[in-house]
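The values are calculated or read from the model by the stated rules, or taken from the named source; none is laboratory data. Since we're looking at a predicted model, the values are computed, not measured. Note that we place each Cβ from the backbone using ideal geometry, even for glycine, and neighbour counts take in every protein chain shown. The protein model used for the area step is the full one, side chains on, heavy atoms only, and it has no ligands, DNA or RNA in it. Shrake-Rupley method; radii C 1.70, N 1.55, O 1.52, S 1.80 Å.
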Amino acid sequence: MAHAIVRAAAVQLNPDLDSADGTLQRVLAAIAEAATQGVQLIVFPETVVPYYPYFSFVTPAVTMGPPHLKLYERSPTVPGPLCDAVGAAARDARMVVVLGVNERDHGTLYNAQLVFDADGALVLKRRKITPTYHERMVWGMGDGSGLRTVDTAVGTLGALACWEHYNPLARYALMAQHEQIHCSQFPGSLVGPVFAEQMEVTMRHHALESGCFVVNATAWLTPEQCKAQAPTPELEKAFRGGCYSAIISPEGKHLAEPLREGAGMVIADLDFALIDKRKRMMDSVGHYARPELLSLRLDRRVAAPLSSAEHAPNAADADLAAQLVAAAPPTRGQGIEAAYLQALSTLMEK
């Protein structure tokens, strides 16, 4: 059986901290450059458009208003002009694009991951389920609707952002959907060299455990940008290091030299035969799993502040719900009352 070979790129992009359109133009230029090298999948860093909220790492909450509002002003809506531009670039290059953005949805910003297929269609928009530490002052929380893989021109893709990878159940949700390529995004130029070391351990482990390829992208700030972000000279170190753009095989090996400093691009060919080679030995969601002992329940409902029913329950609904429960007794541990309410809810939705 022939196996696919996909050329992938992890972009270590330097964002324009003064212009949302400036960063977008750098994204489009990177797509065009990658196309000349035959790249079929390109992954950009976490919330690189317009830029990661570096200010929130070193700025007290009481003085964070102005930079936070500026981020609101520069952040795109989805869908919107940014999606139109990136979708067109993906279509022209016949390339799958994974982009991290600050998504503005009315009065809230979200850490969003966008996946554009090679025909330019936006096939996935997901939001980081739990912002980390200082990020909770900036972003809202996502929900389980985005914890899914998507079938694209280059294979089955899954995506998580930054410390979502320290939520093993979030990772397992994608593993159980048989992701072939995992697209991961981190901010870069943050915390220090230890961040890059931890990132490498985490991403190589996920490749091994999932039996998939990992394409990981981080951003990079120039020394001048680091200085401008730091309110005091001693805090400049908060923006040094932490860069690790890499492509990893299902055997946990680097397929090209990782990029740990400066802007640039890591490119490698992904031979899908390596997925079978790894999973023959250990398939963590197949022959190595024990679902009768350990399993995961994923709530994929979209979290919404308002929901409505077409009609209120009436006597006929209540009587039919009771009949349904009597005809099909509840499963062990569910309870008659819970089964009745579930049946009534189902009737009301019809």
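Quick notes on this structure:
- Solvent-accessible area per residue, Å², over the chain with all protein chains present [probe radius 1.4 Å]: 48
- Using a probe of 1.4 Å, the accessible surface attributed to Lys279 totals some 40 Å² when neighbouring protein chains are kept in position.
- Within the shell of other residues whose beta carbon sits under 14 angstrom from the beta carbon of Arg7, the net charge comes to -2, with Lys and Arg scored +1 and Asp and Glu -1.
- Antiparallel %, DSSP beta bridges [both residues in the chain], to 5: 65
- Using the Cβ of Gly211 as centre and a radius below 12 Å, the other residues enclosed give a net charge of -1, where K and R count +1 and D and E count -1.
- Probe 1.4 Å, all protein chains present, accessible-area order of His178, His206, His68, His3, largest first: His178, His3, His68, His206
- Gyration tensor analysis over the Cα atoms of region 148-239 returns equivalent ellipsoid semi-axes of 31, 13, 10 Å (largest first, whole Å).
- More than 18 Å apart - percent of Cα-Cα pairs taken over region 1-115: 52
- Our estimate of slack between Met281 and Ala326, defined as 0.36 nm per intervening residue step minus the Cα-Cα distance, is 11.5 nm.
- A crude spin-label estimate for the pair Gln37 and Thr132, with each label 7 Å from Cα along the Cβ direction, gives 2.6 nm.
- With only the Cα atoms considered, region 107-206 has a convex hull volume of 116 Å³ per residue.
- The figure for Val266 is an accessible area of roughly 10 square angstrom, using a 1.4 Å probe on the protein chains alone.
- Two-site FRET efficiency, Ser295 against Asp84, from Cβ-Cβ distance with R₀ of 41 Å, rounded to 0.05: 0.50
- Inverse mean reciprocal Cα-Cα distance (Kirkwood Rh) of region 33-82, Å: 13.4
- Among Arg7, Arg171, Arg127, Arg280, the order of accessible area from largest down is Arg280, Arg7, Arg127, Arg171, computed with a 1.4 Å probe on protein heavy atoms.
- Charges were assigned to the Cβ only: +1 to each Lys and Arg, -1 to each Asp and Glu. The resulting dipole of region 66-144 about its Cα centre is roughly 200 debye.
- Virtual spin-label span in nm between Asp151 and Thr232, 7 Å along Cα→Cβ: 5.7
- Dipole magnitude (debye, nearest 20) for region 90-194, charges at Cβ of Lys, Arg, Asp, Glu: 140
- Counting Lys and Arg as +1 and Asp and Glu as -1 over every other residue whose Cβ lies under 10 Å from the Cβ of Ile248, the net charge comes to 0.
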